[in-house]
1. What tally of residues in the stretch 183-233 results from selecting those that are of a type in the set (S, T, N, Q) and more than 22 Å from GLY74 (Cα to Cα)?
2. Keeping to the stretch 74-90, report how many residues are open to solvent by less than 50 Å² (accessible area, probe 1.4 Å), in a helix (DSSP H, G or I) and within 19 Å of ARG245 (Cβ to Cβ).
3. Taking VAL137 and the conditions (1) at pLDDT below 90; (2) hydrophobic (A, V, I, L, M, F, W, C); (3) open to solvent by less than 30 Å² (accessible area, probe 1.4 Å), which numbered condition does it fall short on, given that it satisfies the others?
4. Go through (1) modelled with pLDDT of 85 or more; (2) hydrophobic (A, V, I, L, M, F, W, C); (3) open to solvent by 40 Å² or more (accessible area, probe 1.4 Å); (4) closer than 17 Å to ALA296 by Cβ one by one and return the number of the condition ALA142 breaks.
5. Out of LEU180, LEU173, LEU200, which single residue is open to solvent by 90 Å² or more (accessible area, probe 1.4 Å), out of contact with any helix residue (DSSP H, G or I) (no Cβ under 8 Å at 6 or more places or on another chain) and modelled with pLDDT of 85 or more?
6. What residue, among those in the stretch 145-164 that are modelled with pLDDT under 85 and part of a helix (DSSP H, G or I), is nearest to ALA302 (Cα to Cα)?
Amino acid sequence: MTAPPTSTTGPPPRRGWLAPLLKGLGLALGITLLVGLIRAAGPQKVLEYLTNLGGWWLLVLAVSASWFVLNSLGWWFTFRPRIAPLGRLLRIHLVAEAVSNVTPFFALGGEPLKLLLLRDRASAGVALASVVNDNVVHVITAVVFMLLGLAAGVFLYPLPPMVALVLAGAILLFGVGAGLLVWRGQRGLLAPLARLALRLRVPLPARLASELVPRATAVDQGIGAFLTQRRGDFAGCFAAHLGGRLMGAVEAWVVLQALGTPVSLGTALFLIAVMHVLVNLIFGVIPNQLGVQEGAAWLLFASIGLDPSAAVALALVRRIRGFFWIGVGLLLLAISRTGAGSGRPAREGLAAPGPAAGSGTGPPSGGDPAAAAG
């Protein structure tokens, strides 16, 4: 009698419960905070602010679109050779940003998606090096942007010493972290992690375990080359990302003009540097920082003598704008998946089936793997 076949795959892995629980709690907390702030500001007054925008909405969307273009341009500078046109990277960036904003814990959802959506243009190593380099520069510009915003606030307003000290301390802490990230990136960022995983006997497929360190080393070469040798590309990436952050201040300035609460560009820079960047660092667990941005705006406006109701309206305008671009990104993702599923060519779409250019650890079309991975 023949024994019945046994399964070698085992039962399907159980889904973790902690992340959905934290997401749900964070969402409930954010909604509660948002509702409380709207009630405190006066729902009728907030609604009046929003309806007064009228045609200004088009300008708000145009300014916010420049943020996506500039950040995609920064990412484009990380590639050598330029394996994808700027328009392609812009579409991928919109999709990744949308996914990141509907999931908790920073960009853990969107950044890996970039690797998947570039699979027809670059090897996994090339794409990973570009994403790491882009995020390193994005972190550096966050520090510079916060410093500029804090300097504007100190120059324009008599900030309480404790407030200035807390902000300066947070910026210093973040700056140290950014410096350590750059220092580690120049000397090898992924290979040490790969060796640690092998020493800890992290369960990996045999083939992946044997290739993990060489692949990580190849990616590290690309990261190090970008940070130490490709100064022009680094400068272009830095300028584009910093420009994108500064456009966030321009957007706030435009919105406040439309709301009838005019402020200077310096004030807008201070407000956004504190409200947006620091809030994202501290409260990343709450999806899309719901309620947190509004609360931070309320406190900041009250501290410098502006109408807190306008703060809630500003935060809601930025949130509505954010929902618009999330919708655009998710729509692009749905279109790309529909195109791939129907078998239509997707050469210039988000992703296309088939072998990736430069598969393996080498560059897409030959040459120096370190330069290509940058």
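The values are calculated or read from the model by the stated rules, or taken from the named source; none is laboratory data. Quick caveat: nothing in here was measured; it's all calculated off a predicted structure. Cβ placement follows ideal geometry from the backbone for every residue including glycine, while neighbour counts extend to all protein chains displayed. Surface areas here come from the heavy atoms of the whole protein model, side chains and all, with no ligands, DNA or RNA. Shrake-Rupley method; radii C 1.70, N 1.55, O 1.52, S 1.80 Å.
1. If we filter the stretch 183-233 for residues that are of a type in the set (S, T, N, Q), which is where we start, we get 186, 210, 217, 221, 228-229.
So of that shortlist, the ones also more than 22 Å from GLY74 (Cα to Cα) come out as 210, 217.
Number of matching residues: 2.
2. 5
3. Unmet for VAL137, out of (1) at pLDDT below 90; (2) hydrophobic (A, V, I, L, M, F, W, C); (3) open to solvent by less than 30 Å² (accessible area, probe 1.4 Å): (1).
4. Among (1) modelled with pLDDT of 85 or more; (2) hydrophobic (A, V, I, L, M, F, W, C); (3) open to solvent by 40 Å² or more (accessible area, probe 1.4 Å); (4) closer than 17 Å to ALA296 by Cβ, the lone unmet condition for ALA142 is (3).
5. Working: LEU173 fails: modelled with pLDDT of 85 or more; LEU200 fails: modelled with pLDDT of 85 or more.
Exactly one residue qualifies, and that residue is LEU180.
6. First pass over the stretch 145-164, keeping only residues modelled with pLDDT under 85: 158-164.
Restricting the remaining residues to those that are part of a helix (DSSP H, G or I) gives 161-164.
Details: PRO161: 16, MET162: 16, VAL163: 13, ALA164: 16 Å.
Filtering the stretch 145-164 for residues that are modelled with pLDDT under 85 and part of a helix (DSSP H, G or I), the one nearest to ALA302 (Cα to Cα) comes out as VAL163.
Yes or no, residue by residue, for (1) open to solvent by less than 20 Å² (accessible area, probe 1.4 Å); (2) among the hydrophobic types (A, V, I, L, M, F, W, C); (3) in a helix (DSSP H, G or I); (4) out of contact with any Cys (no Cβ under 7 Å at 6 or more places or on another chain):
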position: PRO192; (1), (2), (3), (4): no, no, yes, yes
position: ARG195; (1), (2), (3), (4): no, no, yes, yes
position: LEU204; (1), (2), (3), (4): no, yes, no, yes
position: ALA209; (1), (2), (3), (4): no, yes, yes, yes
position: LEU212; (1), (2), (3), (4): no, yes, yes, yes
position: ARG215; (1), (2), (3), (4): no, no, yes, yes
position: ALA225; (1), (2), (3), (4): yes, yes, yes, yes
position: HIS241; (1), (2), (3), (4): yes, no, yes, yes
position: ALA249; (1), (2), (3), (4): yes, yes, yes, yes
